[in-house]
Amino acid sequence: MIEVLAKLGRGPVFLAGEVLECVITFTNPLSASSTSASSEMLAWASAQIHCQFHASENRVALPPSDGSKHDVQAENETVFVPNRGERGQCILSTPPKILFCDLRLDPGESKSYSYCETLPVDGPPSFRGQSVKYVYKLTIGCQRVNSPIKLLRVPFRVLVLHGLKDYQFPQDEAVAPSNPFLEEEEGLKKDSRLADLATELLMVATSRRSLHLYNISNTRGKVGTFCIFKTVYKIGEDVIGTFNFSEGDIPCLQFSVSLQTEESIQEEFQRRRGQPVSFTMHARHQESCLHTAQSSFSLPIPLSSTPGFTTNIVSLKWRLHFEFVTSGESAGTCLVRGSQSEAVTWTGVEQMEVDTFSWDLPIKVLPTNPILASYVSQFSSTNSITI
């Protein structure tokens with residue numbers, strides 16, 4: 001028996017373009033209850049990253065793919081196929097890397113191997129929507145002699161920051177003497193600079209503030225105004241807005257604000273022409289506001305949510321969805337006097353004519369620091385199997 005343990009050192013969330021590093025440990029455990037123990041042999045072990053795509057057959061019409069060659073290999077249990085047995089299509093994969101050949105482990109002995117790979121910058125982000133899913137996994141395959149391959153899958157999350165791959169780093173070390181033995185250190189240094197650059201770009205994009213003022217009106221007149229200071233956010237931030245109903249001619253009885261994502265399939269891949277867009281609500285605020293001059297809301301963008309993106313199949317956009325309930329009468333008729341005596345009691349009317357209308361405000365949601373997103377990730381940094 002051999003235990004295989006895979007550990008992602010920094011956590012299970014990465015930016016596209018970063019280097020994923022995983023330490024894989026093979027152990028021949030020495031059990032205290034066993035009377036005899038023997039050495040264990042593994043023929044080989046290999047590792048590879050792939051992105052698996054799955055689409056809902058009711059919503060997405062994909063062209064037929066020629067997977068005959070892949071199917072023949074998948075049926076052969078001596079061939080390393082990282083996505084064997086998984087639903088969907090493998091749309092992206094890195095070259096497989098061999099960890100070792102002919103490994104012998106004595107009882108109680110362990111050996112560790114480090115796997116490093118740069119995540120492709122041209123792939124989609126991790127996403128689990130109503131119509132499509134993009135799932136990233138690191139698969140470690142190992143095999144005993146004359147035995148089927150065993151697979152250990154390590155799921156992780158990928159965030160994509162558009163424009164990062166086109167950035168050219170300044171050649172500030174061009175005058176320094178080159179050393180061919182420092183290639184790995186230079187790669188790690190560039191990876192660190194990539195993370196720092198992403199943090200700086202996100203800070204610049206989301207820290208800009210300017211007043212955005214919108215008039216809220218229906219067919220009968222002005223209801224109020226809405227104010228928001230920015231429309232670009234990172235996941236994990238709060239969307240804050242304020243209302244001013246004091247300048248309105250139409251009384252607003254109630255309002256609600258929902259933070260939503262809009263998942264739409266590109267027209268050429270729609271199962272039915274003109275099929276409806278899928279909406280997902282992430283946060284909501286509702287408030288009764290009759291005779292309220294000013295009000296505000298704060299909606300958190302979940303760290304586990306996916307920033308906006310577009311591929312050739314699906315598009316994900318963010319928006320604020322507003323719903324207003326207004327009175328069909330003037331403000332003075334919303335209360336009635338209950339008594340003519342000195343002790344006056346004002347009560348609400350039992351019935352009232354109302355009008356409802358809605359409004360959508362698009363916003364832009366970007367990724368955040370992957371270390372921060374790792375704290376709420378559903379994935380574990382450590383995965384293991386026994387073979």
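The values are calculated or read from the model by the stated rules, or taken from the named source; none is laboratory data. What you see is a predicted model; the values in this text were computed from it and never measured. Note: ideal-geometry Cβ built from the backbone for every residue, glycine included; neighbour counts use all protein chains shown. These accessible areas exclude ligands, DNA and RNA; they are computed on the full protein's heavy atoms, side chains included. Shrake-Rupley method; radii C 1.70, N 1.55, O 1.52, S 1.80 Å.
One residue stands out among those in the stretch 1-15 that are open to solvent by less than 10 Å² (accessible area, probe 1.4 Å) and either hydrophobic (A, V, I, L, M, F, W, C) or touching a Phe, Trp or Tyr at 6+ places or on another chain (Cβ under 6 Å) (or both): the one that is farthest from L119 (Cα to Cα), which is I2. Screening R319, R284 for residues that are surrounded by 15 or more Cβ atoms within 10 Å (Cβ to Cβ) and in contact (Cβ under 8 Å) with a residue 12 or more places away in the chain leaves exactly one candidate, R319.
There is no residue in the stretch 268-283 that is among the acidic types (D, E) and under 17 Å from I240 (Cα atoms).
Scanning the stretch 335-387 for residues that are open to solvent by less than 80 Å² (accessible area, probe 1.4 Å) and at pLDDT below 85 gives L335, V336, G338, S339, S341, A343, V344, T345, T347, G348, V349, M352.
Yes/no per residue for (1) modelled with pLDDT under 95; (2) part of a strand (DSSP E or B); (3) at positive phi:
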position: Y233; (1), (2), (3): no, yes, no
position: I240; (1), (2), (3): no, yes, no
position: E247; (1), (2), (3): yes, no, no
position: T261; (1), (2), (3): no, yes, no
position: G274; (1), (2), (3): yes, no, yes
position: F279; (1), (2), (3): no, yes, no
position: T292; (1), (2), (3): yes, no, no
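For the stretch 263-272, the tally of residues that are assigned to a loop (DSSP other than H, G, I, E, B) and open to solvent by less than 70 Å² (accessible area, probe 1.4 Å) stands at 1.
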